[in-house]
Structure formats: structure tokens, C-alpha cells
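Okay, structure first, notes after.
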Amino acid sequence: RHFDVQLMGGAALHFGWVAEMKTGEGKTLVSTLPVYLNAISGKGVHVCTVNDYLATRDSEWMGQVHRFLGVSVGLVVPGEYDSAIKRAQYACDVTYGTNNELGFDYLRDNMAMSLEDKVQRGHNYCIVDEVDSILIDEARTPLIISGQGERSSDSYKIVNEMVPRLKLEEHYIVDEKAYSVTLTDDGVEMSEKLLSLKNLYDPANLEVLHILNQCLRAHALYKRDQHYMVSPDGKIMIIDEFTGRVLAGRRWSDGLHQAIEAKENVRIQEESRTMATITFQNLFRLYKKLAGMTGTADTEAGEFHSTYKLEVTIVPTNKTIKREDFEDVVYKTEREKFDAVVKEILDCHERGQPVLVGTTSVEKSAAVAKMLSKRKIKHNVLNAKHHENEAYVVAQAGRKGSITVSTN
């Protein structure tokens, strides 16, 4: 039987609200209530999770409940290309899937040549798990389907070679927040001289100007092993800033990927053309009814309301929380912070308490690991570079005195 607080959470989701429930309060089980209730209308319910492992797990675990109650359950995860199978999954009363797959299927449906080729059947009701991560952190992330574009020119190489001769502040200004780079007047003159052009802003030179801007961004804003890594076979692999995992097969659009390929001196691949694109923000507004659940929503309540007209409701825990949630500790310099982190790790390690260290990038996880190695402390590292032995590392992470350094 569901706990009372879980029934409250279920009701909140049915009303189309965002339910804030602490980790471990059973959000997955809570979702079965509104999912079943809305599935009996026969119009279809989508349950959206952040990765395919969760989508598969939930569809199997919670699917038992739904099938017992006579509701059909489908699953859409990356890697399935047969549209007949996909259509059957979407035709089920309940469909579990990842945000990316639901989005890409919507885009593919928009590019379909006939109605028979479409796989989705409308956007009736959707419950988003980890709603703050999908609807706010990644809201502006565009999903893009691209096709073959023009042959990439040698201009990237030529422009890339001249970029190091431009000086920061004097020739160009970097705006970290807007993720943009702007040439100064001196920079424009210098670029015209180096590229032997009369006027950089002449319509005939638009392409060169665009390539110059992307090369500047590649040099000033994108760092190796933080935003991307170079694989052994010389490919530029994007690292997902939210998970620290490698996004296989994805490329930056608009010539940025080519600029980074030129910067790292690997083979420059053809540019692609955007065929269809949508952001998560616009995708989830298509649903007649939208609800979400997460452990942290109250802090973003204003944003949920203004962007999606979603109300946030806090569901109390079933029993009083015994865990201590400490305040954040702020340091002036990174060096001091890392020293304090290592001290804290040692303290736990000596007591035999297992430690998990979460870092924001591959680079930072390597820095912490290096400091531990210097002190000859045994530890495991989990990031985009070592994801093959991931399952083993995770399985051992709870042992007495173990230390696991990972990207978030």
C-alpha cells in the first residue's frame, strides 16, 4: 500500500503540478497512481526520464503494476530504428522514454513524408522525472536532426593558424556568461591584415567572418578534457556538461565542431545542415497536461510558473529525516578548497566511512585523484575517460574505507 504522503504526491501529479519529494521517498512508485488514472482515458501517457537505464528499469518494475491492472506498457529508448516497433510502443496506454528520444521522435514525425510513417500519436499527458534537470537546466538545449551539408573548406585551417596571433582584451573580448567572443576594432584591423582582406564585413567575406568567430570561440571558451576530449582515433568527442559522459556521435553545429577540429589539428569533417530542431522548453509545452517530480523544485518555483505555468508543491517525508544536511562551505581559492576536500576525505577514510566525491568536470576529477595519489591513498576514478569499468567501480563504492572520485 502506498504511504499517505505518496498518495499526496500522486494527487499533485494528477493535477498537473510539480511534486517536490526528497530522494528515497519513492517517486517511481508514486508515478504509478496518476499514470494509471490517466491511462484509462486511452489517449496515452508519457513518462519521461533522464536516461535509458531509468526508462528501461521503470518500465519493467512499474510495468508489472500497470499490466496487472490491464494497462499496456511501451518503452522508447535510443537505438531502435524500426518505425513499426516504435509506433507499437507509442500506441500503448503508457510509454516510458527519455527526454531526448521523445524529442527526436517528434522531430522525425515532422519530417515524415506520409501519415503512415509517423510514430507518435499526440501529446496528452506527460510526467517528467527529475523535472528541474530537464525543464530548467537543459530547457534551452536544442535537439537537432542534421543532414549532409557543404564540403568543409580549408578556411578553418587558415583562420585557425592566425587566431593565436590575436591577443585577449586587445583584439577580442570574451563574455563567459553569454558564451560569446567579440572582435574589437583593433582586432578587426589585425584580422584583415592577417587574412589580407580589404573589409572583413563585406558580404563576400561573411563566411570567413563566421569561421573566424567560431575559431575564436573554440580557442577562448572550449577547453580540452572539460568540454570535449580527443579520442585515440583523432575524433573530437563532446563531454556532456551535466553528466560528464561522452556524447557519442554528437557534433556541435554551425561550424564550431570544425573549428575545434582545426584547433586540435585532427581531420576536419564536413559541416552538416540542420533539418529539424526543437528545444525541450517548446517540446514539453505541447502536452495538454504536464507534471513533474524531483527532489529539488522549490528553489526554481518561480521559473516553473513563469515558463510552464506549473505549480510546485512540497510533499512531506513519510518519516522525519534523520540525515544531516550540512550548509555549503565557501573558499576563496580553488587550492584551499581542494586541500579541505582531501582533508575531509582522509577523515572519513580513517573512520572507514565510504566516500563519494562529485566533481563538475573530467579535469577536476583528475585533479582530486592526483592529490590523493600524491598522498598514496587508494581510490577509484569514474569519468568519461574510464566509463568501461563503470559498473565494477559503482558496485565496490560502498565498501569500508573506499574512495570514489567521479564527475557528477
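The values are calculated or read from the model by the stated rules, or taken from the named source; none is laboratory data. The model shown is predicted, which means the values in this text are computed figures rather than measured ones. Every residue, glycine among them, receives a Cβ derived from its backbone with ideal geometry; neighbour counts consider all protein chains shown. SASA here: full protein model, heavy atoms, side chains in, ligands and nucleic acids out. Shrake-Rupley method; radii C 1.70, N 1.55, O 1.52, S 1.80 Å.
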remark   = Length gained, Lys343-Thr28, 0.36 nm per residue minus C-alpha separation, equals 109.7 nm
task = Could you state the orientation-averaged shadow area of the convex hull built on the Cα atoms of segment 1-40, in nm² to one decimal?
result = 2.7 nm²
task = Can you tell me the alpha carbon radius of gyration of segment 257-408 divided by the globular rule-of-thumb value 2.2 N^0.38 Å?
result = 1.46
request  = Classify segment 256-298 as rounded, prolate or oblate, taking a ≥ b ≥ c as the square roots of the eigenvalues of its Cα gyration tensor: rounded when a/c is under 1.5, otherwise prolate if a/b is larger than b/c and oblate if not.
outcome  = oblate
note = Among trypsin sites (Lys or Arg not before Pro) in segment 289-393, those in a DSSP loop whose Cβ has at most 11 other Cβ atoms within 10 Å are Lys309, Lys319, Lys322, Arg323, Lys332, Arg375, Lys376, Lys378
ask   = When the chain is modelled as a GNM with alpha-carbon springs shorter than 10 Å, which of Val128, Val342, Val18 fluctuates the most?
value = Val342
Taking the C-alpha atoms of segment 219-297, convex hull volume expressed per residue in Å³ = 142 Å³
message = For segment 217-269, what does the accessible surface come to per residue with a 1.4 Å probe? Please give it in Å².
response = 50 Å²
key: Stokes-Einstein D in µm²/s, Kirkwood radius over Cα pairs - segment 48-89 at 20 °C with 1.002 mPa s viscosity   = 194 µm²/s
task = Within segment 275-380, list the chymotrypsin sites (Phe, Trp or Tyr not before Pro) lying in a DSSP loop whose Cβ has at most 16 other Cβ atoms in a 10 Å radius.
result = Phe326, Tyr331
task = Using only the Cα atoms of segment 1-140, each taken as one equal point scatterer with no solvent, compute I(q) by the Debye sum, divide by I(0), and report log10 of the ratio at q = 0.09, 0.17, 0.18 Å⁻¹.
result = -0.26, -0.92, -1.03
task = Would you work out which of Val77, Val119, Val163 lies farthest towards the positive end of the dipole of the chain, given +1 charges on the beta-carbon of Lys and Arg and -1 on that of Asp and Glu, about the Cα centre?
result = Val77
request  = Roll a 1.4 Å probe over the protein heavy atoms and report the accessible area of Thr360 in Å², nearest 10.
outcome  = 100 Å²
note = Whole-percent carbon and sulfur contribution to the accessible surface of the chain (1.4 Å, no ligands, DNA or RNA) stands at 51 percent
query = Which value in Å is the Kirkwood Rh of segment 320-361 over different Cα pairs?
reply = 12.2 Å
query = R0 = 41 Å: FRET efficiency of Asp233 with Glu311, Cβ-based, nearest 0.05?
reply = 0.25
task = Count neighbours as other Cβ atoms within 10 Å of each site's Cβ, and list the trypsin sites (Lys or Arg not before Pro) in segment 158-223 that are DSSP loop with at most 14 such neighbours.
result = Lys167, Lys177, Lys198, Lys223
task = Quick one: check the C-alpha center-to-center distance for segment 255-314 versus segment 334-408, whole angstrom.
result = 30 Å
key: Translational diffusion coefficient (Stokes-Einstein; Kirkwood radius from C-alpha pairs) of the chain at 20 °C, 1.002 mPa s, in µm²/s   = 88 µm²/s
ask   = For segment 119-169, what does the alpha-carbon gyration tensor say about shape, rounded, prolate or oblate, given a ≥ b ≥ c as the root eigenvalues, a/c under 1.5 as rounded, and a/b over b/c as prolate?
value = oblate
query = For segment 1-116, with every protein chain kept in place, what is the accessible area per residue (1.4 Å probe, Å²)?
reply = 48 Å²
task = Using a Förster distance of 60 angstrom, determine the FRET efficiency expected from the C-beta separation of Ala84 and Ala178, and round it to 0.05.
result = 0.85
message = Using just the Cα positions, wrap segment 102-190 in a convex hull and report its mean projected area in square nanometres, one decimal place.
response = 10.2 nm²
message = Multiplying the sequence separation of Ile40 and Lys400 by 0.36 nm and subtracting their Cα-Cα distance, what value in nm do you get?
response = 124.8 nm
query = In debye, nearest 20: dipole of the chain around its Cα centre with unit charges on the Cβ of K, R (+) and D, E (-)?
reply = 1120 debye
request  = Along Cα→Cβ, 7 Å out, is where each label goes; now give me the distance between the ones at Glu207 and Ala112 in nm to one decimal.
outcome  = 3.7 nm
ask   = Which aspartates and glutamates have a Cα less than 19 Å from the Cα of Lys376, not counting those fewer than 8 places away in the same chain?
value = Asp339, Glu344, Asp347, Glu350
note = Diffing segment 287-292: the Karplus 3J(HN,Hα) column from phi (6.51, -1.76, 1.60, θ = phi - 60°), in whole Hz with x for Gly and Pro, holds 6, 5, 9, 10, 9, x
Given charges at Cβ of Lys, Arg, Asp, Glu: the chain dipole, positive-most of Cys215, Phe68, Leu194 = Phe68
key: Rounded accessible area of Met8 (nearest 10 Å², 1.4 Å probe)   = 100 Å²
key: CD proxy at 222 nm, helix term only [per DSSP H run n ≥ 4: -39500 (n - 2.57); per residue of the chain; nearest 500]   = -11000 deg cm²/dmol
query = Taking N as the number of residues in segment 138-241, what is its Cα Rg relative to 2.2 N^0.38 Å?
reply = 1.20
